[in-house]
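K.L.:
Before I ask anything, let me first share the structure, which is written out below as structure tokens.
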Amino acid sequence: MKYPVLFIQGGGEGGYEADKTLVKSLQEKLGNEYDLDYPEIQNDDSASDFGWIKQIDEKISEAKDSFILVGHSFGASMILKYLSENSSNKKIRGIFLLATPFWSWNEDWKQGLKLQENFADKLTDEIPIFLYHCEDDEEIPFSHLDYYKQKFTQATFRVIKSGGHQFNNDLGLLVSDIESLK
């Protein structure tokens with residue numbers, strides 16, 4: 001039996017291409033027991049969430065039951081937004097979020113990205129959730145992880161000393177956590 005994994009890319013121009021190396025690393029480290037799906041998410045500049053919530057809903061609906069959900073950067077934040085504001089009939093084995101931005105401030109363009117104040121209460125304790133962040137992330141300040149630690153007590157946090165925003169293109173650090181779900 002192969003364990004299905006759905007990987008949601010980071011945002012920005014070239015986010016899909018940039019994260020291909022992360023996906024390749026994860027697939028290589030996990031081996032043939034895991035079937036990794038890496039769909040491309042397209043921006044819709046007319047939507048307040050840039051169209052990501054709808055596309056994540058579609059990809060989760062298409063996923064095989066009992067799948068593992070991984071997200072990087074903007075994609076990780078949109079996974080949290082989706083799961084805290086929507087329900088799904090799919091069983092998720094575990095959620096792994098990398099370099100997750102915490103959207104705050106009041107700029108108009110951020111309003112569709114922000115989590116609800118009680119977002120953590122709306123997530124089930126039955127699904128293990130892991131957040132990873134490198135101290136030297138050059139795009140998403142490390143302090144964003146502290147926001148999640150304050151609000152999200154049921155999650156497991158992994159602090160990585162170095163690796164930048166792209167984790168040195170090596171996601172081997174997720175393997176033991178993912179394999180613990182077997």
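The values are calculated or read from the model by the stated rules, or taken from the named source; none is laboratory data. Everything numeric here is computed off the predicted structure, so don't read it as measured data. Ideal geometry is used to build each Cβ from the backbone, glycine not excepted, and the neighbour counts take in all protein chains shown.
K.L.:
Suppose we filter region 92-136 for residues that are of a type outside the set (Gly, Ala, Ser), outside any loop (DSSP other than H, G, I, E, B) and at pLDDT 90 or above; how many remain? Full working, then the answer.
P.N.:
Filtering region 92-136 down to residues of a type outside the set (Gly, Ala, Ser) leaves 92-93, 95-98, 100-103, 105-111, 113-119, 121-136.
This time we only want the ones that are outside any loop (DSSP other than H, G, I, E, B), so: 92-93, 95-98, 108-110, 119, 121-122, 129-134.
Remaining after also requiring at pLDDT 90 or above: 92-93, 95-98, 119, 129-134.
Residues flagged as of a type outside the set (Gly, Ala, Ser), outside any loop (DSSP other than H, G, I, E, B) and at pLDDT 90 or above within region 92-136 amount to 13.
K.L.:
Right, residue 64: touching a strand residue (DSSP E or B) at 6+ places or on another chain (Cβ under 9 Å), without any contact (Cβ under 8 Å) to a residue 40 or more places away in the chain, more than 24 Å from residue 17 (Cβ to Cβ) and of a type outside the set (Val, Ile, Thr) or not?
P.N.:
Numbers: touching a strand residue (DSSP E or B) at 6+ places or on another chain (Cβ under 9 Å): yes; without any contact (Cβ under 8 Å) to a residue 40 or more places away in the chain: no; more than 24 Å from residue 17 (Cβ to Cβ): yes; of a type outside the set (Val, Ile, Thr): yes.
No: the conditions fail for residue 64.
K.L.:
Scan 92, 178 and give me the residue that is of a type in the set (Val, Ile, Thr), more than 17 Å from residue 73 (Cβ to Cβ), touching a strand residue (DSSP E or B) at 6+ places or on another chain (Cβ under 9 Å) and in contact (Cβ under 8 Å) with a residue 40 or more places away in the chain.
P.N.:
Details: 92 fails: in contact (Cβ under 8 Å) with a residue 40 or more places away in the chain.
Result: 178 is the single residue among 92, 178 that is of a type in the set (Val, Ile, Thr), more than 17 Å from residue 73 (Cβ to Cβ), touching a strand residue (DSSP E or B) at 6+ places or on another chain (Cβ under 9 Å) and in contact (Cβ under 8 Å) with a residue 40 or more places away in the chain.
K.L.:
Hey, another quick one. Would you mind listing the strands (runs of 3 or more DSSP E) fully within region 1-91 where at least 3 residues are out of contact with any Lys or Arg (no Cβ under 9 Å at 6 or more places or on another chain) and crowded, with 22+ Cβ neighbours inside 10 Å?
P.N.:
On the way: elements: 3-8, 34-37, 67-72.
Here the list reads 67-72.
K.L.:
Moving on to the next point. Taking region 155-170 as the search range and keeping residues that are within 16 Å of the chain's Cα centre (by Cα) and farther than 26 Å from residue 17 by Cβ, which one is surrounded by the fewest Cβ atoms within 10 Å (Cβ to Cβ)?
P.N.:
Out of the qualifying residues, it is 159.
K.L.:
Scan region 137-160 for residues that are part of a loop (DSSP other than H, G, I, E, B) and within 26 Å of residue 93 (Cβ to Cβ) and jot them down. Lay out the reasoning, then the answer.
P.N.:
Our first condition is that a residue be part of a loop (DSSP other than H, G, I, E, B); within region 137-160, this holds for 137-142, 152-155.
Of everything in region 137-160, those that are part of a loop (DSSP other than H, G, I, E, B) and within 26 Å of residue 93 (Cβ to Cβ) turn out to be 140, 152, 153, 154, 155.
K.L.:
Have a look at 122, 149 and point out the one that is surrounded by fewer than 16 Cβ atoms within 10 Å (Cβ to Cβ), touching a residue at least 12 places away in the same chain (Cβ under 8 Å) and more than 19 Å from residue 67 (Cβ to Cβ). Outline the logic, then answer.
P.N.:
Values: 149 fails: touching a residue at least 12 places away in the same chain (Cβ under 8 Å).
Only one candidate passes the filter, namely 122.
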